[in-house]
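Undergrad: Quick one: structure below, then a few questions.
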Amino acid sequence: METTVETARTGSLTRRGFLTGAVAVSAASALGFAGCAPGATSATSAESSPADVRTYTGSGAGRMGDIMVKVGIADNVIASVEVIKQHETPMIANSALSRIPQLVVRNQSLDIDAVTGATITSFGLKEAIGNALSQAGLSEKDLAKTGKDDGIKVEEPVEADIAVVGGGLTGLVAAARALQNGKRVALFEETAHLGGSSCVSDGWITGADTIMERAEGIEDSADQFYAFLTQGSEDPAIVPYPEITRTYAETSGPLMDWLDTYVNVDFGERKGGYGLYTPPDQPRIYGVNNGGGSMDMALIELIQSGIREGNASVVLEARATNILKDDGAVSGLEITYADGTVKEFPFKAVIMGTGGYSHNQDMMPYANCGTCSPSTASGHGWELAENAGACMLPPSIYAPYAGGIPNAGFEMRYQANLKFPGAIWVGLEGTRMANEDVPLLAKGAWGKASDNVGYVVFSDAQRVDGLRPIVLTSYLEGELTPWQSAELLDSLVDEGKVAWKADSAVELARAAGIDEAAFAQTIETYNGYCDAGNDADFGRTGLQKLEGALYALKTVPYQLQCTGGIRVNADANVLDASEQPIPGLYAGGEAIGMRQSSAGGQGGCGLGNAATWGYIAADSASAYVG
C-alpha cells in the first residue's frame with residue numbers, strides 16, 4: 001500500500017499537537033488505509049533561497065518497503081527534506097515521517113533519535129536521506145550539526161480521576177467510555193502514536209446478540225457465544241476461567257452496539273461472517289471498513305472532544321514506569337518521558353491497556369519464533385503489573401500462525417501459502433508433518449516440529465499462473481499479486497537463505513538442511529500415493545505429484561496474540577498473588593492474555609477481547625472513583 005501524508009512544515013513538535021492533528025488528518029489516515037492519501041511529508045529551512053538549492057533523491061528500507069526522499073542541498077546545508085514515496089502503515093509511521101525530516105533540517109544532522117514505536121521507519125528515512133547526501137557527494141561528517149533538538153517536549157496531563165496506560169484499542173475504548181461516564185481521563189502512550197496492534201489489523205471483531213445481527217435476522221445469544229468460546233467444554237485445562245469467559249460473552253454484544261451507535265464505527269455492509277479460523281456457530285464476525293485503524297480513529301475523535309472540553313489529555317512518548325500505591329490501593333503513576341524526565345502524578349484508578357508481548361523476542365513461546373506484531377507489543381506492561389503485585393498468568397505455548405518466512409529475521413512480513421495446492425509440509429527429518437489439506441493443523445505441526453522449522457515443498461507442476469506460493473502476514477496491506485508472489489519466490493531462491501530450488505530431492509535437501517535420504521524417500525512415497533489416489537499416511541485428498549524442479553521454503557511459527565498476562569476478575573479488577581482485587585487497578589485486552597476469555601484463537605476475538613475488556617474496565621473504574 002503506497003501512501004503519502006501531508007504534514008506541517010518545520011515548527012514545534014509536541015505530543016499534544018500530534019494528537020490535535022489526529023482528527024484533522026483522520027480522513028487522510030482513513031484514505032491511507034484504503035490505499036491513497038494526498039500530499040507529501042516535507043521540512044524546509046529558510047536559510048537558503050530556492051536558487052541556491054539543488055535536489056537529490058535517495059531511498060532507504062522501511063518496514064513495509066522502500067522509502068524515497070527528495071533532499072534539497074545548498075553547499076553543505078540541507079535546505080529541505082521531502083518524503084515522495086513510502087508504503088508505511090499510516091497511524092504508526094506518520095509521526096516518524098513528519099518528525100525525522102524536520103529534525104534533520106533543524107539540526108543539520110542525521111544523528112536523530114528514532115521515533116518510539118516507528119523505529120524501522122525512522123532508520124529507513126535516515127538511510128534514504130544519507131543516500132541522497134551521497135548522490136550530492138557529501139557524507140554526514142560534512143554537515144554543520146547546528147542543533148541538538150530532539151523534538152520532544154515534556155507535557156503534563158490534566159488533573160484526572162482515571163489514568164489509562166496504553167493507546168491501543170483497549171486504552172482508546174477505556175478512555176472514550178470513561179469520558180462518556182463523566183470522568184476526567186489522562187491517557188499515556190509510550191510510543192509516538194496511538195493505535196497499537198489494532199491499527200495494523202484487518203478489523204474483524206465479534207460479539208453476540210447485536211443490533212447488526214438482529215437486523216440480519218440472526219438469532220444469537222450470549223449463551224451461544226459462551227458455548228462457542230469454550231468449545232462446549234467444562235474442562236479446566238481448556239476453560240480455566242469460565243467466569244471471565246462468561247463475562248466476555250455477555251458484554252461483547254453491548255460493546256459492539258456501543259461501537260456501532262455511539263462511537264459510529266463504520267462496519268461497511270454490516271454483514272456478519274464466519275471468519276478464517278474455527279468457524280463459529282453463527283455469522284457474528286463483522287468487518288470494520290478500512291481495517292482496525294479506522295475504528296481507532298473514531299475513538300480518537302471522541303477523546304479529542306474530551307481534550308477540547310478540558311476533561312482529557314493524551315501524552316505520547318511517556319512510559320508508565322511505576323504504579324504508585326497508598327495502603328495497598330492505587331494512588332497514581334510514575335511516568336518516564338522520552339528525554340529521561342521522571343514525574344509522578346496522582347490518580348484514583350489506573351487502567352492498563354498495555355498490550356501483549358508478541359514483539360518481545362525473549363518472551364516468545366519457542367526459541368525459533370517470529371512476529372508480525374508492531375513494536376508496541378513489547379511486554380512492558382508485564383513488568384509494570386508484576387511490580388504492582390499483580391498475579392501473572394505465565395505465557396503459554398501458543399503460536400497461532402505457522403509458515404512465517406524468516407528472511408528478515410524476527411520481523412516477518414511474508415508467509416508461505418499453506419493453502420498452496422499440491423504443496424507438502426516437511427520437517428528437518430525429511431518426513432511429512434500433517435494433512436496439508438487442513439491448514440488448521442499447521443499450528444500444532446509447527447509447534448511440535450524439531451526447532452519449530454517446517455518446509456513448504458512444491459514443484460514446477462504446482463507453479464501455475466495465478467497462484468501465490470507466498471502471501472503477506474498482514475491483511476491490511478492487501479495481498480501480493482500472483483506475479484509479485486512468484487517474483488519474490490525467485491528472488492528468495494537466488495539469495496539461498498530461506499528458499500531453494502533443485503532438480504532432485506537429494507540436492508534440495510542438501511541445500512535446505514533437510515535429512516537427504518528421508519526426504520528423497522518422502523517424495524518418492526508421496527508421488528506413489530498420488531499415482532494410487534490414496535494418501536496412506538494422512539488421508540489427504542488434494543493430491544498432486546511433485547514433478548520437475550523442486551522448491552523448499554523454510555518457515556517457522558510467528559506470534560500475533562498472547563495467552564499469558566495479568567489475572568483479573570469479572571470486573572477487570574487486577575488480582576494480586578492471593579487472587580484478591582488490587583483497589584483501583586484494572587486491565588484489559590491482550591495485557592490480560594487471550595486465554596482468560598476463550599479456549600483458543602477464534603476469528604474476531606482479538607479485537608473483541610481488547611475492546612470488550614477496555615469497556616468493562618472503564619465502567620468498573622468509573623464506579624470505583626465515584
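The values are calculated or read from the model by the stated rules, or taken from the named source; none is laboratory data. Predicted model, so just to flag it, every value in this text is computed and none were measured. Neighbour counts are summed over all protein chains in view; Cβ atoms, including those assigned to glycine, are modelled from backbone coordinates with ideal geometry. SASA here: full protein model, heavy atoms, side chains in, ligands and nucleic acids out. Shrake-Rupley method; radii C 1.70, N 1.55, O 1.52, S 1.80 Å.
Undergrad: Please give the peptides 604-613, 250-259 ranked by average Cβ packing (other Cβ atoms within 10 Å per residue), highest first, as a rough proxy for protection.
TA: 604-613, 250-259
Undergrad: Can you show me the helix-derived [θ] at 222 nm for the chain, built from DSSP H runs with n ≥ 4 at -39,500 (n - 2.57) apiece and divided by the number of residues, rounded to the nearest 500.
TA: Per the formula, -9500 deg cm²/dmol.
Undergrad: Antiparallel versus total DSSP beta bridges in the chain: what percent is that, nearest 5?
TA: 75 percent
Undergrad: In the structure shown, do any of 448/497; 271/419; 443/501; 497/545; 85/343 have a Cα-Cα gap over 29 Å, and if so which?
TA: Flagged as over cut-off: 85/343.
Undergrad: Roughly what % of DSSP beta bridges within the stretch 328-447 run antiparallel, to the nearest 5?
TA: Roughly 90 percent of the beta bridges in the stretch 328-447 run antiparallel, per DSSP.
Undergrad: Can you work out ³J(HN,Hα) from phi for every residue in the stretch 54-61, in order, using Karplus 6.51 cos²θ - 1.76 cosθ + 1.60 and θ = phi - 60°, giving whole Hz and x for Gly and Pro?
TA: Per-residue couplings from phi come out as 10, 9, 9, 10, x, 9, x, 8 Hz.
Undergrad: Lys and Arg at +1, Asp and Glu at -1: add these up for the other residues within a Cβ distance under 15 Å of residue 241 and post the number.
TA: Net charge in that neighbourhood comes out at -3.
Undergrad: How far apart, in nm, are the 7 Å Cα→Cβ label points at residue 158 and residue 305?
TA: Here the answer is 1.3 nm between the modelled labels.
Undergrad: Just for the Cα atoms in the chain, what are the lengths along the principal axes, largest first, rounded to whole Å?
TA: Here the spans come out as 74, 68, 45 Å, largest first.
Undergrad: Put a dot 7 Å past each Cα toward the Cβ at residue 464 and residue 144; how far apart are the dots in nm?
TA: Distance between label points: 6.5 nm.
Undergrad: How much of the accessible area of the chain, in percent, comes from carbon and sulfur atoms when a 1.4 Å probe is used?
TA: Reported share for carbon and sulfur atoms: 48 percent.
Undergrad: Rg and Dmax of the stretch 53-126, Cα atoms, in Å?
TA: Final numbers for Rg and Dmax: 11.6, 35 Å.
Undergrad: Quick one: which residues, 5 or more positions from residue 80 or on another chain, have an amide H under 5 Å from its amide H? H modelled 1.01 Å from N in the peptide plane, none for Pro or chain starts.
TA: 45, 72
Undergrad: Can you give the accessible area per residue of the stretch 218-262, in Å², using a 1.4 Å probe?
TA: I get 44 Å² per residue for this part.
Undergrad: State log₁₀ I(q)/I(0) for the stretch 162-281 at q = 0.09, 0.12, 0.13, 0.21 Å⁻¹ as given by the Debye formula over alpha-carbon point scatterers of equal weight, solvent excluded.
TA: Treating every Cα as an identical point scatterer, log10 I(q)/I(0) equals -0.31, -0.56, -0.65, -1.29.
Undergrad: Return the sequence-ordered ³J(HN,Hα) values of the stretch 534-540 in whole Hz as given by the Karplus equation 6.51 cos²θ - 1.76 cosθ + 1.60 applied to θ = phi - 60°, using x for Gly and Pro.
TA: 8, 8, 6, 7, 10, x, 5
Undergrad: Let me spell out the model: positive unit charges on the Cβ of Lys and Arg, negative unit charges on the Cβ of Asp and Glu, origin at the Cα centre of the chain. What dipole size does that give, in debye rounded to 20?
TA: Dipole size: approximately 900 debye.
Undergrad: Among 571-583, 411-423, what's the highest-first ranking by average C-beta atoms within 10 angstrom per residue?
TA: Those peptides, ordered most packed to least, come out 411-423, 571-583.
Undergrad: Just to make sure I understand: if all protein chains stay in place, what is the order of 465, 494, 142 by accessible area at 1.4 Å, largest first?
TA: 465, 494, 142
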